[in-house]
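The values are calculated or read from the model by the stated rules, or taken from the named source; none is laboratory data. All values derive from a computational prediction rather than experimental measurement. Reconstructed Cβ throughout: ideal geometry from the backbone, glycine too, with neighbour counts over all protein chains shown. When the accessible area is computed, the model is the full protein with side chains, heavy atoms only, and any ligands, DNA or RNA have been set aside. Shrake-Rupley method; radii C 1.70, N 1.55, O 1.52, S 1.80 Å.
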Amino acid sequence: MAQFIVQCELSHLAFDDPIVYPDEPGASHLHQFFGNAAVDSDPDYDRVSGADTSCRQTKDTASYWAPALLDVEGRQVEPRGMTAYYRPGRGVDPADVVAYPPGLMLVAGDMHATEPQSTDIVAWSCGTGASREVRPTTCPPSSTLRMIVRFPDCWDGTSMRSLAHDPTAAYSVDGCPVDQPIALPQLTLAIDYPPVDADGLTLASGDIITGHADFWNVWDQGQLEEEVALCINRDLVCGVSDVGSSR
């Protein structure tokens with residue numbers, strides 16, 4: 001499957017969310033932010049555009065965030081890093097995928113979930129293993145505990161801020177639906193943690209089933225468009241080492 005990949009370290013922690021609680025500093029549960037170092041509760045695109053990034057691809061100044069993982073005593077489990085996979089969605093012709101517009105905000109998963117979410121959207125695994133579980137398991141010492149969140153990839157072309165279950169964005173099934181016809185890259189975030197004891201793990205948003213993640217497109221737009229054109233549109237698999245390099 002066509003894709004390009006970006007790897008990022010933890011940037012910062014904050015009780016902020018510029019999508020759900022814009023301009024309300026401290027109003028959110030604790031989030032772990034990857035990528036753009038300047039993002040807080042302020043949703044001003046121009047302010048954060050071009051800021052420093054914790055991603056290996058230095059032109060990926062996008063922001064990715066998710067609720068902090070907490071152990072049985074309520075202590076934050078420090079993530080080892082995050083991998084962002086950009087791919088075409090299900091049934092989508094790779095040639096039809098277009099880059100996210102500058103400033104687009106997306107949410108995946110449900111922070112208010114009271115029942116397990118589909119593992120197609122939020123799942124747990126041990127490292128890169130194929131198994132997808134609703135709840136984390138205790139992984140072997142040689143592996144990591146990984147939270148996987150898949151974002152909607154079909155957009156209606158209007159709203160620049162799409163919350164979970166928002167009709168402006170949808171998941172492709174056999175291509176994009178008529179109400180959200182624009183095929184965007186399907187972003188999947190994989191956040192890796194040490195293989196901690198899974199008993200009693202929670203998220204800062206509540207029960208472990210409230211997994212979710214957020215994305216704000218403040219990439220260097222020219223670089224993002226190049227990655228989409230050279231990797232996804234040409235149906236090529238670009239590894240981490242290829243991103244941002246000449247091809």
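Residues of the stretch 121-159 that are open to solvent by 70 Å² or more (accessible area, probe 1.4 Å) and either in contact (Cβ under 8 Å) with a residue 60 or more places away in the chain or under 29 Å from Asp96 (Cα atoms) (or both): Thr128, Ala130, Arg132, Arg135, Thr138, Thr158. Can you find even one residue in the stretch 225-246 that is modelled with pLDDT of 95 or more, under 30 Å from Pro141 (Cβ atoms) and part of a helix (DSSP H, G or I)? No: zero hits. Tally up the residues in the stretch 12-50 that are part of a strand (DSSP E or B) and under 19 Å from Leu106 (Cα atoms), please. Within the stretch 12-50, residues that are part of a strand (DSSP E or B) and under 19 Å from Leu106 (Cα atoms) number 7. Look at Val92 and say whether it is surrounded by fewer than 14 Cβ atoms within 10 Å (Cβ to Cβ), more than 22 Å from Asp220 (Cα to Cα) and among the aliphatic types (A, V, I, L, M). Judged against the criteria, Val92 is not a match.
Residues in the stretch 171-194 that are within 20 Å of Gln32 (Cα to Cα) and either assigned to a strand (DSSP E or B) or at pLDDT below 95 (or both): Leu187, Thr188, Leu189, Ala190, Ile191, Asp192, Tyr193.
Scan the stretch 38-50 and give yes if some residue there is at negative phi, hydrophobic (A, V, I, L, M, F, W, C) and surrounded by 24 or more Cβ atoms within 10 Å (Cβ to Cβ), otherwise no. Yes, that holds for at least one residue. Filter the stretch 66-82 for residues that are assigned to a loop (DSSP other than H, G, I, E, B), small (Gly, Ala, Ser) and surrounded by 19 or more Cβ atoms within 10 Å (Cβ to Cβ) and give the result. Within the stretch 66-82, Ala68 is the sole residue that qualifies. Where strands (runs of 3 or more DSSP E) fall entirely within the stretch 105-160, those with at least 2 residues that are touching a helix residue (DSSP H, G or I) at 6+ places or on another chain (Cβ under 9 Å) are at 122-126. When the stretch 83-104 is filtered for residues that are part of a strand (DSSP E or B) and of a type in the set (Lys, Arg), only Arg87 remains. Considering Ser28, Ser11, the condition of being among the small types (Gly, Ala, Ser) and open to solvent by less than 20 Å² (accessible area, probe 1.4 Å) is satisfied by Ser28 alone. Note on the stretch 51-65: among residues that are outside any strand (DSSP E or B) and among the hydroxyl-bearing types (Ser, Thr, Tyr), the one that is most open to solvent (accessible area, probe 1.4 Å) is Thr58.
Scanning the stretch 187-223 for residues that are under 15 Å from the mean Cα position of the chain (by Cα), more than 24 Å from Pro141 (Cα to Cα) and of a type in the set (A, V, I, L, M, F, W, C) gives Leu187, Ala213, Phe215, Trp216, Val218, Trp219.
Restricting the stretch 172-190 to residues that are touching a residue at least 40 places away in the same chain (Cβ under 8 Å) and more than 21 Å from Cys231 (Cβ to Cβ) leaves a set whose member that is most open to solvent (accessible area, probe 1.4 Å) is Asp174.
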